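Worksheet: the structure to be examined is printed underneath.
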Amino acid sequence: MKAKVACIFALSAGLLAACGSDEPLRGPVPALLKAIDRMSDQDFAVPLEGGQSALLPMYSEKKLVGAHAGVKRVVVGIQDPYRNAGLVFDVLKKAVGEGPDTMVVVPQFIAAQDAEKHKLGPEFARWTIEGWSDGGNSRPANLRDTGPMVSSFTVLDAVILYLADRAGFPDLKDIEIVGYGRSGRMVQLYAAVTKGLGAAYTLDIKVHFVVANADTFVYFDDRRPSRGDTPFAPFEREQCPGFNLWPYGLAVPSVYAYGVIGADLARQYADRDVVYLIDERDTDPVDRDCEARAQGRNRLDRAQNYLKYLEAVTGSAPAAQRIVVTRANPSGLSGLLAGACGKSVLAGGGC
């Protein structure tokens with residue numbers, strides 16, 4: 001865990017050599033630091049306390065301002081770890097198809113270098129290069145400016161509140177929140193701790209979560225898969241002192257999740273509608289740290305363990321959660337989500 005924290009600090013500071021072999025993501029490290037080339041021309045305002053708001057770019061097939069009569073389904077995508085929200089937007093449009101009753105939106109969590117390249121003012125929220133993916137708070141534009149401070153999870157809450165406005169979406173029935181890989185982990189974390197689904201539920205709008213090829217999941221206590229007499233047992237902390245730190249567990253969580261109680265969250269999360277979509281040819285996890293290995297050998301093993309864990313914690317198998325295993329062709333974001341199986345899952349079916 002210390003190595004990963006050091007790596008994240010080094011990336012934020014631009015000290016590439018400090019990361020060594022502990023690079024947390026596939027691909028060249030400079031790609032994380034490089035300012036994004038493509039940015040949406042639409043902005044989304046997240047309301048904050050005191051009547052203020054934080055802005056961030058957001059991709060959308062339709063204009064964000066105005067009424068969207070006839071839209072029954074909105075797919076909310078989470079950008080990839082390299083902040084390529086436009087790429088995810090293109091993939092999801094291909095996956096769900098064009099049509100008057102469906103809309104795809106992808107909020108863009110930008111970093112300081114992105115704001116600088118595209119000449120965005122201090123009213124635009126910006127995160128560290130990885131902080132957005134764990135629900136972390138945005139950072140001020142500069143040391144002299146307090147700037148908008150907002151969790152990436154609060155952004156998703158605001159998106160759901162925007163969609164649950166019957167003045168703008170009088171016919172909306174379904175919201176899907178979709179992420180792949182590291183962003184799939186963000187979707188699972190958000191589903192576990194979100195405070196923002198009430199407006200949708202009040203209007204009988206269903207909220208679905210698609211967690212595609214995630215590496216790890218958030219556990220609600222100190223138990224982990226065991227080879228002993230019981231399938232789950234308290235983890236031996238000396239093997240990995242950080243095993244229960246956020247985002248692997250609830251110790252020292254993001255500010256958004258402070259004060260949560262594990263047992264309550266477990267029951268709440270077990271009621272969520274979640275599909276764990278996994279490419280059987282891409283089960284080798286990117287995250288090989290001890291905190292991740294405590295959850296299982298690979299992506300599929302970890303997902304299977306997690307559903308069993310939820311059953312052990314809550315006393316019954318989650319009725320609205322399932323694992324879907326497919327063979328994407330090609331493997332990767334587009335092959336998994338825009339392939340035949342991914343399209344079916346996004347439409348609420350199976351493979």
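The values are calculated or read from the model by the stated rules, or taken from the named source; none is laboratory data. Keep in mind it's a predicted model, so treat the numbers as computed, not measured. FYI the Cβ positions are ideal-geometry reconstructions off the backbone, even for glycines, and counts take in every protein chain you see.
General remarks:
- Entry remark, segment 280-298: residues being farther than 24 Å from R237 by Cβ and modelled with pLDDT of 95 or more number 0 in total.
- Residues that are outside any helix (DSSP H, G or I) and surrounded by 15 or more Cβ atoms within 10 Å (Cβ to Cβ), drawn from segment 244-265: N244, L245, W246, P247, Y248, G249, L250, P253, S254, V260
- Complete set of residues in segment 333-351 that are assigned to a loop (DSSP other than H, G, I, E, B) and either surrounded by 15 or more Cβ atoms within 10 Å (Cβ to Cβ) or of a type in the set (A, V, I, L, M) (or both): A338, G339, A347
- Looking across A199, A214, one residue alone is at pLDDT 95 or above, in a helix (DSSP H, G or I) and assigned by TED's automatic domain parsing to the domain that holds Y309. It is A199.
- Tally, over segment 91-137, of residues that are of a type in the set (D, E), part of a helix (DSSP H, G or I) and either in the same structural domain as V255 (by TED's automatic domain parsing) or under 19 Å from V187 (Cβ atoms) (or both): 1
- Selection status of G51, out of contact with any Asp or Glu (no Cβ under 6 Å at 6 or more places or on another chain), assigned by TED's automatic domain parsing to the domain that holds S254 and either buried (at least 19 other Cβ atoms within 10 Å of the Cβ) or modelled with pLDDT under 95 (or both): no
- So P318, is it over 29 Å from V150 (Cβ atoms), outside any helix (DSSP H, G or I) and not acidic (D, E): yes
Residues are listed down the side, and each one gets a yes or a no for (1) touching a residue at least 60 places away in the same chain (Cβ under 8 Å); (2) at positive phi; (3) surrounded by fewer than 18 Cβ atoms within 10 Å (Cβ to Cβ); (4) touching a strand residue (DSSP E or B) at 6+ places or on another chain (Cβ under 9 Å):
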| residue | (1), (2), (3), (4) |
| --- | --- |
| A270 | no, no, no, yes |
| D273 | yes, no, no, yes |
| I278 | yes, no, no, yes |
| C290 | yes, no, yes, no |
| A294 | yes, no, no, yes |
| R297 | no, no, yes, no |
| R302 | yes, no, no, yes |
| Y306 | yes, no, no, yes |
| L310 | no, no, no, yes |
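- Flag for T154 being of a type in the set (V, I, T), within 17 Å of the chain's Cα centre (by Cα) and modelled with pLDDT under 95: no
- Scan segment 232-242 for residues that are in a loop (DSSP other than H, G, I, E, B) and touching a strand residue (DSSP E or B) at 6+ places or on another chain (Cβ under 7 Å) and the total you get is 1.
- Those residues of segment 68-90 which are in a strand (DSSP E or B) and of a type in the set (S, T, N, Q), in sequence order: none
- Candidates A69, A6, A18 - the one that is modelled with pLDDT of 95 or more and either out of contact with any helix residue (DSSP H, G or I) (no Cβ under 7 Å at 6 or more places or on another chain) or not charged (D, E, K, R) (or both): A69
- Matching entry among R281, R302, R297, R327 (being in contact with a Gly (Cβ under 8 Å, 6 or more places away or on another chain) and basic (K, R)): R302
- In segment 152-188, the residues that are within 21 Å of I36 (Cα to Cα) and either assigned to a loop (DSSP other than H, G, I, E, B) or of a type in the set (G, A, S) (or both): S152, G179, G181, S183, G184
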